[in-house]
Amino acid sequence: MIKKITTLYKEKFEGEPSVFRSPGRINILGEHTDYNEGFVLPAAIDKNIYVAITKRSDDQINLYAGDFNENYSTDTSNIKPAPIQWPNYILGVADQLQKQGHTITGFNLIIDGDIPIGAGLSSSAAVECAVIYALNEIFELGLTRMQMVALAQKAEHVFAGVNCGIMDQFASMFGKKDHAIKLDCRSLHYEYVPINLTGYKIVLLNTNVKHNLAASAYNTRREQCETGVSIIQQNHPAVKSLRDVNMEMLKDYVEAVDPLVFRRCKYVVQENERLLDACEHLKKADIKALGAKMYQTHSGLRYDYDVSCKELDFLVDYVKQNADVAGARMVGGGFGGCTINLVKESAVENLVAAISEAYTQAMNLPLTAYQVSAENGTASCTI
Ligand code: GLA
(Lines give C-alpha, C1' and ligand atoms only; values in the text may rest on other atoms or scores of the structure.)
Protein backbone atom coordinates (compact mmCIF):
# COMPACT_ATOMS: atom_id res chain seq x y z
CA MET A 1 0.00 0.00 0.00
CA ILE A 2 2.81 2.47 0.85
CA LYS A 3 4.49 1.86 -2.49
CA LYS A 4 1.15 2.02 -4.29
CA ILE A 5 0.16 5.35 -2.78
CA THR A 6 3.61 6.89 -3.34
CA THR A 7 3.53 5.88 -6.99
CA LEU A 8 0.02 7.25 -7.34
CA TYR A 9 1.14 10.48 -5.73
CA LYS A 10 3.91 10.90 -8.24
CA GLU A 11 1.49 10.34 -11.10
CA LYS A 12 -0.91 13.00 -9.85
CA PHE A 13 1.34 15.59 -8.19
CA GLU A 14 4.97 16.67 -7.93
CA GLY A 15 7.55 16.15 -5.22
CA GLU A 16 8.33 13.56 -2.57
CA PRO A 17 5.35 12.94 -0.29
CA SER A 18 5.28 11.99 3.36
CA VAL A 19 3.08 8.97 4.03
CA PHE A 20 0.93 8.31 7.11
CA ARG A 21 -1.50 5.58 8.05
CA SER A 22 -4.34 5.12 10.47
CA PRO A 23 -6.14 1.83 11.14
CA GLY A 24 -9.78 0.74 11.22
CA ARG A 25 -11.09 -0.81 14.40
CA ILE A 26 -13.08 -3.67 15.77
CA ASN A 27 -14.93 -3.51 19.05
CA ILE A 28 -15.01 -6.59 21.24
CA LEU A 29 -17.81 -5.29 23.44
CA GLY A 30 -19.39 -1.96 24.46
CA GLU A 31 -21.51 -0.85 21.51
CA HIS A 32 -23.38 2.47 21.61
CA THR A 33 -21.99 3.10 25.07
CA ASP A 34 -19.34 5.71 24.17
CA TYR A 35 -21.71 8.67 23.76
CA ASN A 36 -23.38 7.64 27.02
CA GLU A 37 -20.09 8.11 28.90
CA GLY A 38 -19.77 4.35 29.34
CA PHE A 39 -17.00 1.85 28.58
CA VAL A 40 -15.82 0.40 25.27
CA LEU A 41 -13.34 -2.33 24.36
CA PRO A 42 -12.09 -1.68 20.81
CA ALA A 43 -8.84 -2.60 19.07
CA ALA A 44 -7.15 -1.13 16.00
CA ILE A 45 -6.80 -3.67 13.19
CA ASP A 46 -4.39 -4.55 10.42
CA LYS A 47 -6.34 -2.58 7.81
CA ASN A 48 -5.49 1.04 7.21
CA ILE A 49 -6.22 4.29 5.46
CA TYR A 50 -3.07 5.79 3.95
CA VAL A 51 -2.39 9.43 3.17
CA ALA A 52 0.44 10.73 0.95
CA ILE A 53 0.90 14.46 1.35
CA THR A 54 3.07 17.51 0.67
CA LYS A 55 2.40 21.06 1.71
CA ARG A 56 2.09 23.84 -0.84
CA SER A 57 3.21 27.45 -0.63
CA ASP A 58 -0.14 28.74 -1.91
CA ASP A 59 -3.61 28.11 -0.46
CA GLN A 60 -4.77 25.36 -2.88
CA ILE A 61 -6.05 22.09 -1.39
CA ASN A 62 -5.89 19.31 -3.99
CA LEU A 63 -7.30 15.92 -3.02
CA TYR A 64 -7.36 12.64 -4.86
CA ALA A 65 -9.05 9.41 -3.68
CA GLY A 66 -7.47 6.24 -5.05
CA ASP A 67 -10.53 4.18 -4.10
CA PHE A 68 -12.91 6.32 -6.12
CA ASN A 69 -10.47 7.51 -8.78
CA GLU A 70 -11.77 11.02 -8.17
CA ASN A 71 -10.23 14.38 -7.38
CA TYR A 72 -11.50 17.41 -5.55
CA SER A 73 -9.98 20.87 -5.14
CA THR A 74 -10.69 23.88 -2.98
CA ASP A 75 -8.60 26.40 -1.05
CA THR A 76 -7.89 27.19 2.58
CA SER A 77 -9.99 30.38 2.54
CA ASN A 78 -13.06 28.48 1.40
CA ILE A 79 -13.34 25.22 3.32
CA LYS A 80 -16.94 24.03 3.34
CA PRO A 81 -18.72 20.66 2.91
CA ALA A 82 -18.27 19.20 -0.56
CA PRO A 83 -21.18 17.92 -2.67
CA ILE A 84 -19.55 14.47 -2.73
CA GLN A 85 -18.92 12.61 0.51
CA TRP A 86 -15.31 11.42 0.68
CA PRO A 87 -13.59 14.86 0.68
CA ASN A 88 -15.62 15.85 3.73
CA TYR A 89 -13.68 13.57 6.07
CA ILE A 90 -10.52 15.45 5.01
CA LEU A 91 -11.96 18.95 4.75
CA GLY A 92 -13.78 18.57 8.08
CA VAL A 93 -10.39 18.11 9.74
CA ALA A 94 -8.85 21.15 8.02
CA ASP A 95 -11.94 23.16 9.00
CA GLN A 96 -11.58 22.17 12.66
CA LEU A 97 -7.91 23.12 12.65
CA GLN A 98 -8.79 26.57 11.37
CA LYS A 99 -11.62 26.94 13.88
CA GLN A 100 -9.16 26.14 16.66
CA GLY A 101 -6.89 28.94 15.48
CA HIS A 102 -4.24 27.00 13.54
CA THR A 103 -2.94 28.44 10.29
CA ILE A 104 -2.30 26.04 7.43
CA THR A 105 -1.32 26.63 3.82
CA GLY A 106 -2.59 24.48 0.97
CA PHE A 107 -1.54 20.86 0.43
CA ASN A 108 -1.69 18.05 -2.11
CA LEU A 109 -3.09 14.85 -0.65
CA ILE A 110 -3.80 11.35 -1.90
CA ILE A 111 -5.93 9.00 0.12
CA ASP A 112 -6.19 5.24 -0.29
CA GLY A 113 -6.55 2.19 1.89
CA ASP A 114 -7.71 -1.34 2.50
CA ILE A 115 -10.43 -0.82 5.11
CA PRO A 116 -13.72 -1.89 3.53
CA ILE A 117 -16.04 1.12 3.38
CA GLY A 118 -19.42 0.93 5.12
CA ALA A 119 -18.43 -2.26 6.93
CA GLY A 120 -18.67 -0.88 10.47
CA LEU A 121 -14.87 -0.85 10.76
CA SER A 122 -14.60 2.93 10.97
CA SER A 123 -12.96 3.79 7.71
CA SER A 124 -14.18 7.37 8.18
CA ALA A 125 -12.51 7.77 11.58
CA ALA A 126 -9.35 6.29 10.08
CA VAL A 127 -9.41 8.92 7.33
CA GLU A 128 -9.88 11.71 9.87
CA CYS A 129 -7.09 10.38 12.09
CA ALA A 130 -4.66 9.84 9.20
CA VAL A 131 -5.35 13.38 7.96
CA ILE A 132 -5.06 15.13 11.31
CA TYR A 133 -1.87 13.21 12.06
CA ALA A 134 -0.45 14.15 8.63
CA LEU A 135 -1.36 17.84 8.95
CA ASN A 136 0.00 17.94 12.50
CA GLU A 137 3.32 16.60 11.22
CA ILE A 138 3.77 18.63 8.06
CA PHE A 139 2.62 21.92 9.61
CA GLU A 140 4.34 21.17 12.95
CA LEU A 141 1.25 22.01 14.98
CA GLY A 142 2.35 20.20 18.14
CA LEU A 143 -1.00 18.53 18.89
CA THR A 144 -1.08 15.57 21.26
CA ARG A 145 -2.79 12.31 20.25
CA MET A 146 -5.66 13.06 22.60
CA GLN A 147 -6.15 16.51 21.05
CA MET A 148 -6.11 14.95 17.59
CA VAL A 149 -8.76 12.41 18.62
CA ALA A 150 -11.08 15.15 19.88
CA LEU A 151 -10.55 17.20 16.75
CA ALA A 152 -11.20 14.24 14.42
CA GLN A 153 -14.42 13.42 16.31
CA LYS A 154 -15.59 17.04 15.95
CA ALA A 155 -14.85 16.91 12.23
CA GLU A 156 -17.16 13.89 11.94
CA HIS A 157 -19.95 15.77 13.78
CA VAL A 158 -19.69 18.90 11.66
CA PHE A 159 -18.79 17.73 8.15
CA ALA A 160 -20.23 14.19 8.13
CA GLY A 161 -23.29 15.01 10.27
CA VAL A 162 -22.91 11.97 12.51
CA ASN A 163 -23.04 12.81 16.20
CA CYS A 164 -20.60 10.00 17.00
CA GLY A 165 -18.91 9.16 20.28
CA ILE A 166 -15.17 9.02 20.77
CA MET A 167 -14.51 5.28 20.34
CA ASP A 168 -13.56 5.07 16.66
CA GLN A 169 -11.11 7.95 16.54
CA PHE A 170 -9.63 6.90 19.88
CA ALA A 171 -9.10 3.30 18.79
CA SER A 172 -7.55 4.33 15.49
CA MET A 173 -5.12 6.75 17.17
CA PHE A 174 -4.27 4.74 20.31
CA GLY A 175 -4.34 1.14 19.02
CA LYS A 176 -1.67 -1.23 20.35
CA LYS A 177 -0.45 -4.45 18.76
CA ASP A 178 -2.09 -7.57 20.26
CA HIS A 179 -4.15 -5.49 22.70
CA ALA A 180 -7.67 -4.17 23.09
CA ILE A 181 -8.25 -0.82 24.77
CA LYS A 182 -10.59 -0.61 27.71
CA LEU A 183 -11.64 3.02 27.53
CA ASP A 184 -13.73 4.87 30.06
CA CYS A 185 -15.49 7.38 27.82
CA ARG A 186 -16.24 9.66 30.75
CA SER A 187 -12.78 10.15 32.22
CA LEU A 188 -10.92 9.06 29.05
CA HIS A 189 -8.80 6.88 31.30
CA TYR A 190 -7.71 3.80 29.35
CA GLU A 191 -6.02 0.50 29.91
CA TYR A 192 -4.54 -1.90 27.35
CA VAL A 193 -5.85 -5.46 27.74
CA PRO A 194 -3.84 -8.23 26.02
CA ILE A 195 -5.89 -10.16 23.49
CA ASN A 196 -5.08 -13.71 24.40
CA LEU A 197 -7.53 -15.89 22.51
CA THR A 198 -6.03 -19.32 23.20
CA GLY A 199 -6.70 -21.09 19.92
CA TYR A 200 -9.50 -18.81 18.74
CA LYS A 201 -9.34 -16.27 15.89
CA ILE A 202 -11.20 -13.05 15.32
CA VAL A 203 -13.15 -13.41 12.09
CA LEU A 204 -15.17 -10.59 10.58
CA LEU A 205 -18.04 -11.45 8.28
CA ASN A 206 -19.09 -8.56 6.08
CA THR A 207 -22.76 -8.53 5.07
CA ASN A 208 -21.86 -6.16 2.23
CA VAL A 209 -24.90 -4.06 3.02
CA LYS A 210 -25.16 -0.64 4.60
CA HIS A 211 -28.75 0.46 4.98
CA ASN A 212 -29.46 4.10 4.30
CA LEU A 213 -30.93 5.04 7.61
CA ALA A 214 -27.66 4.40 9.47
CA ALA A 215 -26.64 8.04 10.08
CA SER A 216 -30.08 9.39 10.97
CA ALA A 217 -30.97 6.38 13.14
CA TYR A 218 -27.65 6.78 14.96
CA ASN A 219 -28.47 10.36 15.87
CA THR A 220 -31.99 9.34 16.93
CA ARG A 221 -30.61 6.65 19.27
CA ARG A 222 -28.38 9.22 20.87
CA GLU A 223 -31.34 11.56 21.40
CA GLN A 224 -33.42 8.76 22.91
CA CYS A 225 -30.68 8.08 25.45
CA GLU A 226 -30.59 11.78 26.30
CA THR A 227 -34.38 11.77 26.73
CA GLY A 228 -34.06 8.88 29.20
CA VAL A 229 -31.47 10.84 31.17
CA SER A 230 -33.60 13.97 31.28
CA ILE A 231 -36.62 12.00 32.58
CA ILE A 232 -34.51 10.53 35.40
CA GLN A 233 -32.91 13.88 36.18
CA GLN A 234 -36.29 15.19 37.34
CA ASN A 235 -35.91 12.88 40.35
CA HIS A 236 -32.13 12.47 40.43
CA PRO A 237 -30.56 15.81 39.47
CA ALA A 238 -27.04 14.42 39.96
CA VAL A 239 -27.47 12.02 37.04
CA LYS A 240 -25.48 13.34 34.08
CA SER A 241 -25.62 10.47 31.60
CA LEU A 242 -26.68 6.80 31.36
CA ARG A 243 -23.39 6.01 33.06
CA ASP A 244 -25.01 7.17 36.30
CA VAL A 245 -28.22 5.21 35.74
CA ASN A 246 -29.19 1.75 36.99
CA MET A 247 -32.05 -0.61 36.10
CA GLU A 248 -34.04 0.41 39.14
CA MET A 249 -34.09 4.06 38.09
CA LEU A 250 -35.15 3.06 34.59
CA LYS A 251 -37.99 0.94 35.93
CA ASP A 252 -39.11 3.57 38.42
CA TYR A 253 -39.09 6.60 36.17
CA VAL A 254 -38.85 5.71 32.47
CA GLU A 255 -40.65 2.42 31.80
CA ALA A 256 -44.20 3.70 32.21
CA VAL A 257 -43.55 7.15 30.74
CA ASP A 258 -41.81 6.08 27.54
CA PRO A 259 -41.48 2.32 26.85
CA LEU A 260 -39.36 2.83 23.72
CA VAL A 261 -36.86 5.09 25.47
CA PHE A 262 -36.86 2.55 28.33
CA ARG A 263 -35.75 -0.24 25.98
CA ARG A 264 -32.99 1.90 24.47
CA CYS A 265 -31.66 2.90 27.89
CA LYS A 266 -31.99 -0.62 29.29
CA TYR A 267 -29.70 -1.91 26.57
CA VAL A 268 -27.05 0.72 27.35
CA VAL A 269 -27.14 0.14 31.11
CA GLN A 270 -26.86 -3.64 30.61
CA GLU A 271 -24.09 -3.26 28.03
CA ASN A 272 -21.96 -1.26 30.44
CA GLU A 273 -22.29 -4.00 33.05
CA ARG A 274 -21.53 -6.67 30.47
CA LEU A 275 -18.42 -4.85 29.39
CA LEU A 276 -16.87 -4.83 32.82
CA ASP A 277 -17.41 -8.60 33.08
CA ALA A 278 -16.17 -9.14 29.53
CA CYS A 279 -12.88 -7.39 30.33
CA GLU A 280 -12.31 -9.82 33.17
CA HIS A 281 -13.11 -12.75 30.86
CA LEU A 282 -10.61 -11.46 28.31
CA LYS A 283 -7.95 -10.96 30.97
CA LYS A 284 -8.45 -14.57 32.11
CA ALA A 285 -8.64 -15.77 28.48
CA ASP A 286 -12.05 -17.27 29.24
CA ILE A 287 -13.17 -17.18 25.62
CA LYS A 288 -16.40 -19.12 26.17
CA ALA A 289 -17.61 -16.63 28.79
CA LEU A 290 -16.55 -13.69 26.62
CA GLY A 291 -18.34 -15.17 23.63
CA ALA A 292 -21.54 -15.64 25.64
CA LYS A 293 -21.45 -11.92 26.46
CA MET A 294 -21.09 -11.11 22.76
CA TYR A 295 -24.23 -13.08 21.95
CA GLN A 296 -26.08 -11.22 24.69
CA THR A 297 -24.92 -7.91 23.28
CA HIS A 298 -26.19 -8.86 19.86
CA SER A 299 -29.62 -9.70 21.29
CA GLY A 300 -29.73 -6.34 23.05
CA LEU A 301 -28.76 -4.50 19.89
CA ARG A 302 -31.30 -6.48 17.92
CA TYR A 303 -34.36 -6.38 20.17
CA ASP A 304 -33.90 -3.40 22.49
CA TYR A 305 -31.61 -0.94 20.73
CA ASP A 306 -32.97 -1.98 17.34
CA VAL A 307 -29.90 -1.22 15.23
CA SER A 308 -29.36 -4.65 13.66
CA CYS A 309 -30.80 -5.87 10.34
CA LYS A 310 -31.82 -9.18 8.82
CA GLU A 311 -28.44 -9.77 7.18
CA LEU A 312 -26.53 -9.34 10.47
CA ASP A 313 -29.07 -11.44 12.36
CA PHE A 314 -28.79 -14.22 9.80
CA LEU A 315 -25.02 -14.41 10.33
CA VAL A 316 -25.24 -14.40 14.12
CA ASP A 317 -28.07 -16.96 14.21
CA TYR A 318 -26.13 -19.22 11.85
CA VAL A 319 -22.93 -19.37 13.91
CA LYS A 320 -24.78 -19.70 17.21
CA GLN A 321 -25.48 -23.34 16.38
CA ASN A 322 -21.78 -24.03 15.82
CA ALA A 323 -19.82 -25.26 18.85
CA ASP A 324 -16.58 -23.97 17.31
CA VAL A 325 -17.82 -20.38 17.52
CA ALA A 326 -17.55 -18.99 21.06
CA GLY A 327 -19.43 -15.78 20.33
CA ALA A 328 -20.60 -13.35 17.66
CA ARG A 329 -22.35 -10.04 17.30
CA MET A 330 -22.76 -7.11 14.99
CA VAL A 331 -19.99 -4.53 15.27
CA GLY A 332 -20.14 -0.72 15.06
CA GLY A 333 -23.14 1.55 14.60
CA GLY A 334 -25.33 -1.11 12.94
CA PHE A 335 -27.76 -1.40 10.00
CA GLY A 336 -25.23 -3.44 8.06
CA GLY A 337 -21.48 -3.92 8.02
CA CYS A 338 -19.76 -6.81 9.78
CA THR A 339 -20.27 -9.32 12.51
CA ILE A 340 -17.32 -10.10 14.76
CA ASN A 341 -16.89 -13.81 15.55
CA LEU A 342 -14.60 -15.73 17.89
CA VAL A 343 -13.89 -18.91 15.96
CA LYS A 344 -11.70 -21.92 16.81
CA GLU A 345 -8.64 -21.66 14.61
CA SER A 346 -9.09 -25.16 13.18
CA ALA A 347 -12.70 -24.41 12.19
CA VAL A 348 -12.28 -21.07 10.43
CA GLU A 349 -11.90 -22.35 6.90
CA ASN A 350 -14.90 -24.69 6.96
CA LEU A 351 -17.11 -22.17 8.69
CA VAL A 352 -16.33 -19.43 6.19
CA ALA A 353 -17.05 -21.73 3.27
CA ALA A 354 -20.35 -22.95 4.70
CA ILE A 355 -21.68 -19.62 5.90
CA SER A 356 -20.72 -17.85 2.67
CA GLU A 357 -22.81 -20.30 0.71
CA ALA A 358 -25.75 -20.14 3.10
CA TYR A 359 -25.66 -16.33 3.22
CA THR A 360 -25.60 -15.94 -0.52
CA GLN A 361 -28.45 -18.38 -0.88
CA ALA A 362 -30.57 -16.65 1.76
CA MET A 363 -29.78 -12.99 0.99
CA ASN A 364 -28.64 -13.11 -2.59
CA LEU A 365 -25.54 -11.19 -1.60
CA PRO A 366 -21.86 -12.08 -1.43
CA LEU A 367 -20.26 -12.54 1.99
CA THR A 368 -16.71 -11.35 2.63
CA ALA A 369 -14.63 -12.77 5.47
CA TYR A 370 -11.51 -11.27 7.06
CA GLN A 371 -9.28 -12.63 9.80
CA VAL A 372 -7.95 -9.65 11.69
CA SER A 373 -5.34 -8.97 14.32
CA ALA A 374 -4.89 -6.05 16.72
CA GLU A 375 -2.27 -3.56 15.57
CA ASN A 376 -0.68 -0.24 16.49
CA GLY A 377 -2.52 3.05 15.97
CA THR A 378 -1.87 6.04 13.68
CA ALA A 379 1.73 6.42 12.55
CA SER A 380 4.18 7.80 9.97
CA CYS A 381 5.27 5.29 7.34
CA THR A 382 8.78 4.98 6.05
CA ILE A 383 8.88 5.02 2.30
C1 GLA B 1 -20.13 4.31 15.45
C2 GLA B 1 -19.68 5.58 16.18
C3 GLA B 1 -19.03 5.26 17.53
C4 GLA B 1 -19.89 4.31 18.36
C5 GLA B 1 -20.36 3.13 17.52
C6 GLA B 1 -21.35 2.27 18.24
O7 GLA B 1 -19.03 3.55 15.07
O8 GLA B 1 -18.79 6.32 15.40
O9 GLA B 1 -18.76 6.46 18.23
O10 GLA B 1 -20.95 4.98 18.94
O11 GLA B 1 -20.97 3.53 16.30
O12 GLA B 1 -20.77 1.69 19.35
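The values are calculated or read from the model by the stated rules, or taken from the named source; none is laboratory data. Quick caveat, the model's predicted, so the values are computed rather than measured. Here the Cβ positions follow ideal geometry from the backbone for every residue, glycine too, while neighbour counts run over all protein chains shown. Remember, those area values only see protein heavy atoms, side chains included, never the ligands or the DNA or RNA. Shrake-Rupley method; radii C 1.70, N 1.55, O 1.52, S 1.80 Å.
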Legend entry - Positions within segment 193-222 being touching a helix residue (DSSP H, G or I) at 6+ places or on another chain (Cβ under 9 Å), within 25 Å of residue 373 (Cα to Cα) and open to solvent by 10 Å² or more (accessible area, probe 1.4 Å), in sequence order: 194, 195, 196, 197, 198, 199, 200, 201, 208, 209
Inset, instruction - For segment 44-64, indicate whether the set of residues that are more than 19 Å from the chain's Cα centre (by Cα), at pLDDT below 95, open to solvent by 20 Å² or more (accessible area, probe 1.4 Å) and more than 16 Å from the ligand (Cβ to nearest atom) is non-empty. - result: no
Inset, instruction - Go through the residues of segment 295-305 one by one and say whether even a single one is touching a residue at least 12 places away in the same chain (Cβ under 8 Å), more than 15 Å from the ligand (Cβ to nearest atom) and open to solvent by less than 50 Å² (accessible area, probe 1.4 Å). - result: yes
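Of everything in segment 274-287, what is under 21 Å from residue 178 (Cβ atoms) and either open to solvent by 30 Å² or more (accessible area, probe 1.4 Å) or assigned to a helix (DSSP H, G or I) (or both)? Give them in sequence order.
275, 278, 279, 280, 281, 282, 283, 284, 286, 287
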Inset, instruction - Test residue 68 against the stated conditions and say whether it is away from the ligand (no atom under 16 Å from the Cβ) and surrounded by fewer than 22 Cβ atoms within 10 Å (Cβ to Cβ). - result: yes
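Table: residues versus (1) modelled with pLDDT under 95; (2) part of a helix (DSSP H, G or I).
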site: 73; (1), (2): no, no
site: 88; (1), (2): no, yes
site: 96; (1), (2): no, yes
site: 117; (1), (2): yes, no
site: 131; (1), (2): no, yes
site: 140; (1), (2): no, no
Inset, instruction - Evaluate segment 188-196: report whether one residue or more is within 24 Å of residue 312 (Cβ to Cβ) and away from the ligand (no atom under 16 Å from the Cβ). - result: yes
Inset, instruction - Taking only segment 153-168 into account, find how many residues are in contact with an Asp or Glu (Cβ under 9 Å, 6 or more places away or on another chain) and either aromatic (Phe, Trp, Tyr) or within 11 Å of the ligand (Cβ to nearest atom) (or both). - result: 11
Inset, instruction - Kindly list, by first and then second residue, each pair from a residue in segment 39-60 that is closer than 16 Å to residue 371 by Cβ and acidic (Asp, Glu) to a residue that is more than 16 Å from the ligand (Cβ to nearest atom) and open to solvent by 30 Å² or more (accessible area, probe 1.4 Å), limited to pairs with Cβ atoms under 8 Å and residues at least 6 apart or on different chains. - result: 46/373; 46/375
Inset, instruction - Using the structure shown, decide if residue 334 is touching a helix residue (DSSP H, G or I) at 6+ places or on another chain (Cβ under 6 Å), buried (at least 22 other Cβ atoms within 10 Å of the Cβ), in a loop (DSSP other than H, G, I, E, B) and not polar (S, T, N, Q). - result: no
Legend entry - Residues that are hydroxyl-bearing (Ser, Thr, Tyr) and either in contact with a helix residue (DSSP H, G or I) (Cβ under 9 Å, 6 or more places away or on another chain) or not in a loop (DSSP other than H, G, I, E, B) (or both), drawn from segment 30-68: 33, 35, 50, 54, 64
Inset, instruction - Run residue 147 past the list (1) part of a helix (DSSP H, G or I); (2) surrounded by 16 or more Cβ atoms within 10 Å (Cβ to Cβ) and report the number of the one that doesn't hold. - result: (2)
Inset, instruction - Take residue 220 and decide whether it is in a helix (DSSP H, G or I), over 15 Å from residue 278 (Cβ atoms) and more than 17 Å from the chain's Cα centre (by Cα). - result: yes
